[in-house]
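Read the structure below first, then the notes.
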Amino acid sequence: MSEDIKVIAFLGSPRKGGNTETLLNEAIRGTDVDVRVFDLNAMDIAPCQNCGGCEETGICIVPDDMQDVIAAIREADRIIMASPVYFSGVSAQAKTMIDRCQQIWCEKFLLKKEIPAGEFGRRGLFLVVGGMKNTAGVECAGKTVTAWFRTISVPEHKTLSYTRVDAMGEILKHPTAMGDAFEAGRALLR
Ligand SMILES: Cc1cc2nc3c(=O)[nH]c(=O)nc-3n(C[C@H](O)[C@H](O)[C@H](O)COP(=O)(O)O)c2cc1C
């Protein structure tokens, strides 16, 4: 596939070099193209205030880093979300950004405008890591991310989820995770 394809990724973990980032980096390596990574923990993104400011225009009135994110989502052909499970959902860093995509929800469902896909179509990948054995967390996180992907006009995505991965670096000991991530990154561009 062309080198012109635009791939963006969201890192929802604040732990530098943690399991989520390690997995994401491997998926990015698999794509073999330049990927713009948004390190959500380092960004200025305020929570959605449900002020209604985007309802008639589809444009959020809060001036922060989200404007840059929305512009990148509009242009992206492939979108990767990577998050740890926090209290049975995605991290606050990921959820805050996701909620601010309400402006795209308004554009799509109130103003009836779909974000048009480019020549490569639009596809997604969700990487999620939880420390517990219980799968409820990765499942709940998956529901949120599915709702987000569909809202931003990503019609299909693959999910790689890993439970019982808790301590720093533990993902490296998982028998398949790194290979899965590399292959999922590769498949995203195929
Ligand atoms: C605030 C917080 C909440 C967490 N809640 C859950 C949870 O509900 N379920 C779970 O499986 N793991 C939970 N974990 C464990 C993390 O998902 C796990 O440590 C993961 O590997 C962290 O990824 P990271 O290395 O990228 O930070 C929680 C961790 C933190 C810090």
>> Can you tell me which residue is nearest to the ligand (Cβ to nearest atom) among those in the stretch 137-148 that are more than 10 Å from Ser161 (Cα to Cα) and open to solvent by 40 Å² or more (accessible area, probe 1.4 Å)?
In response: Cys140
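So that you can scan it fast, the table gives a plain yes or no per residue for (1) open to solvent by 40 Å² or more (accessible area, probe 1.4 Å); (2) touching a residue at least 40 places away in the same chain (Cβ under 8 Å); (3) within 17 Å of the chain's Cα centre (by Cα):
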site	(1), (2), (3)
Ser88	yes, yes, yes
Ala94	no, yes, yes
Gln102	yes, yes, yes
Leu110	yes, yes, no
Gly118	yes, yes, no
Val129	no, yes, yes
Lys133	yes, no, no
> Of everything in the stretch 33-48 that's more than 30 Å from Leu111 (Cα to Cα) and loosely packed, with under 14 Cβ neighbours inside 10 Å, which residue is nearest to the ligand (Cβ to nearest atom)?
Replying inline: Ala42
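Report whether or not Thr96 is out of contact with any strand residue (DSSP E or B) (no Cβ under 8 Å at 6 or more places or on another chain), within 16 Å of the ligand (Cβ to nearest atom) and not in a loop (DSSP other than H, G, I, E, B). Can you show your working first?
Working: out of contact with any strand residue (DSSP E or B) (no Cβ under 8 Å at 6 or more places or on another chain): yes; within 16 Å of the ligand (Cβ to nearest atom): yes; not in a loop (DSSP other than H, G, I, E, B): yes.
Answer is yes for this residue.
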> Which members of the stretch 61-80 meet the condition of being hydrophobic (A, V, I, L, M, F, W, C) and free of Cβ contacts under 8 Å to residues at least 24 places away in the same chain?
Replying inline: Ile61, Ala71
> Is there any pair with a first residue in the stretch 44-60 that is on the phi > 0 side of the Ramachandran plot and a second that is open to solvent by 30 Å² or more (accessible area, probe 1.4 Å) and of a type in the set (A, V, I, L, M, F, W, C) whose Cβ atoms are under 7 Å apart and which are 6 or more apart or on different chains, and what are they?
Replying inline: Gly58/Leu111
>> When the residues of the stretch 49-79 are narrowed to those that are part of a loop (DSSP other than H, G, I, E, B) and closer than 21 Å to Ala117 by Cβ, which ends up most open to solvent (accessible area, probe 1.4 Å)?
In response: Ile59
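Please specify each residue of the stretch 1-24 satisfying the condition of being open to solvent by 80 Å² or more (accessible area, probe 1.4 Å) and within 16 Å of the ligand (Cβ to nearest atom).
Our first condition is that a residue be open to solvent by 80 Å² or more (accessible area, probe 1.4 Å); within the stretch 1-24, this holds for 1, 3-4, 6, 15-16.
Residues satisfying the conditions are Arg15, Lys16.
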>> Please go through (1) within 22 Å of Met43 (Cα to Cα); (2) more than 16 Å from the ligand (Cβ to nearest atom) for Gly121 and return the number of the only condition it doesn't satisfy.
In response: (1)
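The values are calculated or read from the model by the stated rules, or taken from the named source; none is laboratory data. What you see is a predicted model, and the numbers here were worked out from it, not measured in a lab. Cβ coordinates were reconstructed from backbone atoms using ideal geometry, including for glycine residues, and neighbour counts include every protein chain displayed. Heavy atoms of the whole protein, side chains included, go into the accessibility calculation; ligands, DNA and RNA do not. Shrake-Rupley method; radii C 1.70, N 1.55, O 1.52, S 1.80 Å.
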